[in-house]
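**Student:** First the structure, then my questions, so here it is.
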Amino acid sequence: MEDLRRIFLDGLAHQIGLAHDSDFTYPSHEYVAQDGQTVKQMTYKQPTPWWFEENGTLYLRLNFGERTMLIPGKNPVIRVGKQSNLLPTLEALHILVDNREMDDVIEKMVVVSR
């Protein structure tokens with residue numbers, strides 16, 4: 001569970017960075033062909049926002065890798081409301097995950113998608 005929580009916390013940290021700065025990127029790597037061999041190369045990626053706007057209201061969809069997380073109450077999104085609520089919402093989620101209060105949601109998410 002520790003690894004799953006860490007992966008999700010990393011994703012949340014990327015979203016918090018993106019909410020602070022729309023040009024936010026994070027270090028990553030990719031494998032490329034070079035001189036007939038596959039080598040690991042450092043790169044920087046910009047995360048895809050987990051939030052979207054619909055009818056003037058901002059919503060947040062939690063993702064774990066390629067999977068969308070389901071929030072207790074069977075609601076696949078969190079209604080954020082105004083843009084000014086986005087960062088506090090992401091930070092509150094980060095605290096909940098870090099305090100292990102969303103472990104059951106993360107675990108169910110991973111089990112369902114396997």
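**Student:** If packing is taken as the mean number of other Cβ atoms within 10 Å per residue, what is the order of 26-32, 54-60, 88-94, highest first? Intermediate values should be presented prior to the final figure.
**Tutor:** Working: 26-32: 10.6, 54-60: 12.6, 88-94: 16.6.
In decreasing order of mean packing, 26-32, 54-60, 88-94 become 88-94, 54-60, 26-32.
**Student:** Going highest first, how would you order 97-106, 6-15 by mean Cβ packing within 10 Å? All intermediate terms of the calculation are to be shown ahead of the outcome.
**Tutor:** On the way: 97-106: 15.1, 6-15: 17.6.
In descending order of packing, they fall as 6-15, 97-106.
Laboratory data are not the source of any read-out in this text; all were calculated from the coordinates shown. Here the structure is a predicted model, which means the values were calculated and not measured. When we count neighbours, we look across all protein chains shown, and the Cβ atoms used for this are built from the backbone with ideal geometry, even at glycine.
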